[in-house]
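The values are calculated or read from the model by the stated rules, or taken from the named source; none is laboratory data. Predicted, not measured: the structure shown is a model, and the values here were computed from it. Virtual Cβ from ideal backbone geometry, glycine too; neighbours counted across all protein chains shown. The accessibility values were calculated without ligands, DNA or RNA, using every heavy atom of the protein model including side chains. Shrake-Rupley method; radii C 1.70, N 1.55, O 1.52, S 1.80 Å.
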Amino acid sequence: GAEFSTTISGFFKYPEKIDSCVLRQEETFVSTGNVGHYIAVDPSANDNGYAIAMVHVEIREKITTLENGKEKKEKKQVVVLDKWKVWNLKDPEFEGMQYIDEEIIHEYLNNLFQRFRVVKLVYDQFDSTQSIVKFRKAGVNAMKTPFSRYYNTKIYKNLRDLIYDERLDLFNNELGIKELKSLQEKRVGKKQFLVEAPTMGEITTDDLCDVL
């Protein structure tokens, strides 16, 4: 019946690994070939950011020089970040409003559907049912994912593995990179932890991290 005390530490013990994954200055503007893209959306009505991320997977060849001078070639899957964007009430398009107008985000997503082959659209469970129904009717493979503590642990462990193994290709989104480096790990049990933004400091959001 014991309850474990909460301990807090930085989630990325080697934040320099994040910098190693920043390989481009700009997002993807044009689709290359018939590659499938995946989009995650974290909705928000007011205070929090309304965020989206779009990625695709590429097979890349890595060449490593061994101690004997020979080169070792191996192929690996790399997740390429194409889009990484967050809207909030401070943005000009929402001036004078008390809420984020979803039609603006829907228009942005529809534009992506026209330019890229999107094979899956995933929403957080918060306030997302109407959007999912709308996109399903339009023929988009849209689904809802419950953002539980277990799911939080699972996706962030996967993200950390991708970054530490240098299997993630990021572009230079200043806020997104700062969010990643600021993430905190809160131990809430013997094997579970919760990853979230700090409550104080320069960065107190994790919307871009969640969708990534």
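Computed with a 1.4 Å probe over protein heavy atoms only, the accessible area of TYR151 comes to about 70 Å². Here segment 1-127 has an Rg and Dmax of 20.0, 66 Å, counting Cα atoms alone. With the convex hull of its Cα atoms as the shape, segment 105-212 has an orientation-averaged projected area of 8.4 nm². Kindly state, to the nearest 0.05, the FRET efficiency for ARG149 paired with THR204, given R0 = 25 Å and r defined as their beta-carbon distance. The formula returns an efficiency of 0.80 here. Per the Debye calculation on the chain with a single equal scatterer at every Cα and no solvent contribution, log₁₀ I(q)/I(0) for q = 0.10, 0.15, 0.17 Å⁻¹ amounts to -0.50, -1.07, -1.31. In the assembled protein chains, ARG149 presents an accessible area of approximately 120 Å² (probe radius 1.4 Å). Solvent-accessible area per residue in the chain equals 59 Å², computed with a 1.4 angstrom probe and all protein chains kept. Label positions at THR64 and VAL188, each projected 7 Å from the Cα along the C-beta direction, are separated by 3.6 nm.
Label separation (GLN130 vs LYS76): 4.4 nm, computed from points 7 Å beyond Cα along the C-beta direction. With the simple model of a label 7 Å out from the Cα in the direction of the Cβ, SER31 to ASN110 spans 1.7 nm. In terms of distances greater than 19 angstrom between alpha carbons, the cross-link table entries LYS154/LYS186; LYS13/LYS72; LYS17/LYS190; LYS144/LYS186; LYS17/LYS157 yield LYS13/LYS72; LYS17/LYS190; LYS144/LYS186.
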